[in-house]
Structures are given as C-alpha cells and as structure tokens.
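Report on the following structure.
The values are calculated or read from the model by the stated rules, or taken from the named source; none is laboratory data. This structure is a prediction, so every number in the text was calculated from the model and none was measured. Because the Cβ atoms are built from the backbone with ideal geometry, glycine has one as well, and the counts that use them run over all protein chains shown.
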Amino acid sequence: METKLWSKGFEPDKMIEQFTVGRDRELDLRLARYDVEGSMAHIKMLASIGLLGREELPVLLDGLSEIAAVIERGEFEIEPDIEDVHSQIELMLTRRLGDIGKKIHSGRSRNDQVLVDLKLFMRDELKRVAGAVDKLFGRLQALSEEHKDKLMPGYTHLQVAMPSSFGLWFGAYAEALTDDMQMLAAAYRITNQNPLGSAAGYGSSFPLDRMMTTQLLGFDAPHYNVVAAQMSRGKTERAVAAAIGAIASTLGHMAMDVCMWMCQNFSFVSFPDELTTGSSIMPHKKNPDVFEIMRGKCNRLQSVPNELALLTANLPLGYNRDLQLMKDILFPAIDEMTDCLEMADFMLAHIIVKDNITDDARYDYLFTVEEVNRLVLSGVPFREAYRKVGEEVQNGTYRPVREVHHTHLGSAGNLATAEIAAKMAEVMKTFG
Ligand code: ARG
C-alpha cells in the first residue's frame, strides 16, 4: 500500500523518513481535532461551490465525525508509516468510505491545512494561557487586599530605601500581568485569521469561498493575500512566543523575589513544610525549589522568541519544511508556561506573610523620607528638611517614626485594586 499522500510509485528511504518526520507523529496528535474541524469547513465550502456532490457531503461529514469521536476518546494515533496527522486522517477516511474520501483535498494543500490546524490550536491554547493568567491575577489581587496593611522594606540598588507593603508587592505583579495580557491579546488577534484557501501558498484555480470557511471556523477575518497567509506561519508563532516571554518575565521576576524573601536574612515569607524541599546533608533545610525551578523555566521561556526567530530567519518566501520544527519549540513552551502559572497560583494559595517586619532596627532608615516629608508639611523647604534629616542620620541622632500615610493613587494606602481589575477584565474580553 502506498502510505504517502504524495506517493509517485516509490517509497522513501527509512532514514530519510525518520529524519524528516521528526517528532511530528507525537506532536501532531494535538492537532488532530482541529484538522478534522478544518476539513469539515473545507468540504462544506467545496460542496457550496459544486466541487462535491449533494449526496457526497453528508457521507464525508459523517466519516469525519466518526474520526472526531475516535480522537475525543483518546484512541487516535498516527501509524508508523504515516508521516503526519493530515495524511492519517485522510487515510482513515478513505479506509472507511473508499474513493470518495480522496475528494476532500481539492483546492487545498497540507501547507494551508497545517496552518489552519495550528491557528485553531493556538487560539485554544491562548485561551488556556489567558485563563491561567487570569486565575493567578485574581489570587494576587486577593492577597494584595488581604495583606495591604503589612509593611515590608522597599529597596533600590538592593539597599533599604522606603517603606513598601505586601499590598503593593502582590498588587504590582497583578498589574504587570495586565500588560503581558495585552501582548497575549495581540497574539490572539494575529492568530485568529483564516489562512485556509491559500493552499500551497499561492491559492487555487477553484473559486474557493474563503469568507465561508472564515465564518465556519469562527475566524475574525481571512488572511486575504495568499502569500501573506503562508507567511503567517512563523509570524503567528513568534507573536505567541513574545506574549509568553512577557508573562514569563513577570512570573520569573516574582519567583526571584520569593526565593529572596524566603532567605533567612530576609524571612519575609514562608510556606508550609510540605511545599518546601530538603537537603540530603543539611538536616535543617527547607528550600524554595519550586520557585527556583519556576525562575529557571521562566528565564528559559524568554529564549523561545529568539529560538523561533533564528529558526525562521531569512527563509525563502513560501513554505519551507523548516517551519515544521516550530512545533517542537512552541508546544512544550505553551505547556511549560501554563504549568508555571498554575504552580504559582497553587503556591501563593499557601504563602505565609510575616507581620511587623519593618519594626526591626535594620530597617530604621526606611522612614527617613517620611520624616523629611513631615518637616515639609510643617513649612520647612524640602532641601532644608532633607539636609536636617541627613545630618541626624550622619551623627547618629535619627530616630524613626514608624508611621506611613501614603494616600495617593497606586500607593500603599490606595492600591487601586478595582481599577487594576477593570484593566484585566477589559483585556480578557479579547478571548471571548
Ligand atoms: N508536517 C508538515 C509541517 O508541519 C506538514 C506540511 C507538509 N507540507 C509539505 N509540503 N511537505 O510543516
């Protein structure tokens, strides 16, 4: 039996086959349901322009539905001699229905087929990432409110600077995530365009109704120009990776803070014993391995846009097989991102925040600016007040008043939690 869609009477060398198929048989499994969805839309369109008979369409749709059921049951696999999901599904269809199964590929190429699959896949994955970000966001906002009265040192140059608070700290990461979500939303809008009908990358002489498949597949619009549609492979993945990189940068930064705040020299936060890890030699250890792994993963995720950029740099216009390798990079990256987000949410649900941190004498100088400001409010010019408190610090007579009255928008006493929540709600609308 000929196992290749492109078979011309000879079978390729086994080594060549293995090398070129790579991890597709495994990775393509995640595209299977989308491949069926794309094919259903495509054949409905073919029927509408007379390229499939009236009686043929329902037979093919039934056949595809049966395959969809196999996929949903988790029983779908790509057979050893079959090179990708597109070939496997078409083969299953022809095995069930005979020659009529071979009709579904009119006006289409695996190049726009894989593009459609990836677009539909990434659309769902972006929703999944957005959901995980939103959940963590909610957790951070709740913690920010819960601990809003707990002061902590704020640092500049990693030197004690001014009073900060856990309300600010948790709330800062919540708001930072709203910016990252703007990038995720942009990636979603770039993703949600229909490449179907671009065929091998240059269209078809059939009068394909591309608006019909756009509507059937729920895309916002087509990629109109067929060459631009083909170019969207790579462009879309890079946009998704940039958004993931942005989220990873925020989350990695937070993971670093937690590692540091857990260090005994700070001891600002801790976790229940069962969420920490031990040492094989030092009996006392309770290590923050979760946040170290998270930091490492998030740092590595920020290299994904670069990896994709290098993989796709200066490719000739049109389809090139190199594009296949993007799946190897992007699929695990998306999973790793959602894993990290879910783990962060899980860990923060158990975080223990220390009280009265700033009462310690090592944080005395946190309050110098408060002192300066008090003098300013009593009429002393700022520069003079600054000099006076500076002299007290210098000659050892400075005594801190550990009171903080910050009231302006976004400060420790006015966290703007609702306003930040509104930003997130607005951007979340993108994801439907
Ligand atoms: N596995 C291929 C990919 O991901 C599918 C498209 C193959 N197209 C081709 N002309 N060989 O790119």
**Request:** Identify all residues within segment 140-171 that are over 26 Å from E371 (Cβ atoms), surrounded by fewer than 20 Cβ atoms within 10 Å (Cβ to Cβ) and not charged (D, E, K, R); write none if there are none.
**Result:** A142
**Request:** Specify the residue that is farthest from the ligand (Cβ to nearest atom); the eligible residues are those in segment 88-111 that are under 19 Å from V70 (Cβ atoms) and polar (S, T, N, Q).
**Result:** T94
**Request:** Determine, yes or no, whether F271 is within 29 Å of R402 (Cα to Cα), touching a residue at least 60 places away in the same chain (Cβ under 8 Å) and over 13 Å from the mean Cα position of the chain (by Cα).
**Result:** yes
**Request:** Could you tell me whether segment 107-130 includes any residue that is over 19 Å from M260 (Cα atoms), modelled with pLDDT of 95 or more and of a type in the set (S, T, Y)?
**Result:** yes
**Request:** Consider A248 carefully, then state whether it is touching a Cys at 6+ places or on another chain (Cβ under 6 Å), away from the ligand (no atom under 16 Å from the Cβ) and modelled with pLDDT of 95 or more.
**Result:** yes
**Message:** Tell me whether segment 211-228 contains one or more residues that are in a helix (DSSP H, G or I) and within 16 Å of the ligand (Cβ to nearest atom).
**Reply:** yes
**Asked** Yes or no: V114 more than 16 Å from the ligand (Cβ to nearest atom), of a type outside the set (G, A, S) and either farther than 25 Å from G318 by Cα or touching a His at 6+ places or on another chain (Cβ under 8 Å) (or both)?
**Response** no
**Prompt:** Looking at segment 5-35, which of the residues that are under 14 Å from H105 (Cβ atoms) and in contact (Cβ under 8 Å) with a residue 40 or more places away in the chain is surrounded by the fewest Cβ atoms within 10 Å (Cβ to Cβ)?
**Reply:** L5
**Request:** From (1) under 28 Å from D359 (Cβ atoms); (2) within 16 Å of the ligand (Cβ to nearest atom), pick out the condition that doesn't hold for S144.
**Result:** (2)
**Item:** helices (runs of 4 or more DSSP H) within segment 273-367 that include 2 or more residues within 16 Å of the ligand (Cβ to nearest atom) and either within 17 Å of T236 (Cβ to Cβ) or not small (G, A, S) (or both)
**Value:** 304-312, 326-348
**Request:** Of all residues in segment 71-83, count the ones that are modelled with pLDDT of 95 or more and surrounded by 16 or more Cβ atoms within 10 Å (Cβ to Cβ).
**Result:** 3
**Request:** Would you check which residues across segment 118-176 are among the hydroxyl-bearing types (S, T, Y) and outside any strand (DSSP E or B) and list them?
**Result:** S144, Y173
**Message:** Anything in segment 368-403 that is touching a Phe, Trp or Tyr at 6+ places or on another chain (Cβ under 8 Å) and either assigned to a helix (DSSP H, G or I) or of a type in the set (K, R) (or both)? List them, or say none.
**Reply:** T368, E371, V372, V376, V389, E392, V393, R402
